[in-house]
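To start, the structure itself, in structure tokens.
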Amino acid sequence: MNTNQPTKPANLDVILKKFAKEASDSDSSQSVLSGEDWLKLKSIVRREVKDQSSKDVKKLQRSLCHISAQNSILREEVRGLRQSLAIKERRPKQSFTLQLDEDEVYHGGAKLWSLRSVQRARDRRASQQQQAELEKLQKAEQAEIKKAARDCELQLKKAARVEREKGWEETRKRKAAEKAERDHRRSLRDAAKAIKLPQSGKRKALKPHKPATKRQKRGGVALAVVGAARRAPAAPPRSRRQRPITPSKKLSE
């Protein structure tokens, strides 16, 4: 026989069937099983469900086992917490020394205190504790007031920021609308100019040229004077090199 071959693992359901306690018929249908009785629950599921190979049945059995284990762990944790709390409650309370009134001059030795002095010390201790609690309460109230003021300031800053952003958005929209209006007006002016220029060119081409009229005066003397005035002077004589010849003063005399 070859011992190296792997043996078939044991069927767990058979082992559980052998050691599980079957639910007794004496248990009423109204009884409730706890999480610790997961073997009884599993035996009830095995007895009531015929198809044990179903995936849902196996999933239900695993869920019951998991819930039972979690229940046991939680029970142990609760038991440990209760024991710790009981031990803490049994601890003696912290003692303190009363601050009794002492004389300025003390030379040692035994000293007796009256019941009235002890009561005054106790009252003073209670007053100190009450004052400490009051200061603690005042500090807590001041902290709450500061927190409320801080939250209010944050809300105000947030509201102011929202208002600023709203104003910026309105200004941006207004400027965009004004720019669009200016661009629209400029485009209209450019279109009107483009239409007007060809029309003005046509009008200048169609308009006839009028000859210049000369003003005439009555009387022959006036016409002769005007003609003599308009007559151009004679050009001075020039040499062969086209230089003007100026007559000398002796010849002119």
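Modelled spin-label separation between Ala132 and Ile67, with each label point placed 7 Å from Cα along the Cα-to-Cβ direction: 5.1 nm. The ranking of Ile67, Ile245 by Cβ neighbour count inside 10 Å, starting from the fewest, reads Ile245, Ile67.
Distance between the pseudo-spin-label points of His184 and Cys152 (7 Å out from Cα toward the beta carbon): 4.8 nm. Put a dot 7 Å past the Cα of Glu169, heading toward its Cβ, do the same for Arg120, and the two dots end up 7.3 nm apart. Take the Cβ atoms of Val49 and Arg75, set R0 to 35 Å, and the FRET efficiency comes out at 0.80.
Readers should treat all values here as calculations from the given coordinates under stated rules, not as data from a laboratory. Computed from a prediction, not measured in an experiment: that's the story for all the values here. No Cβ is skipped: glycine too gets one built from the backbone with ideal geometry, and neighbour counts run over all protein chains shown.
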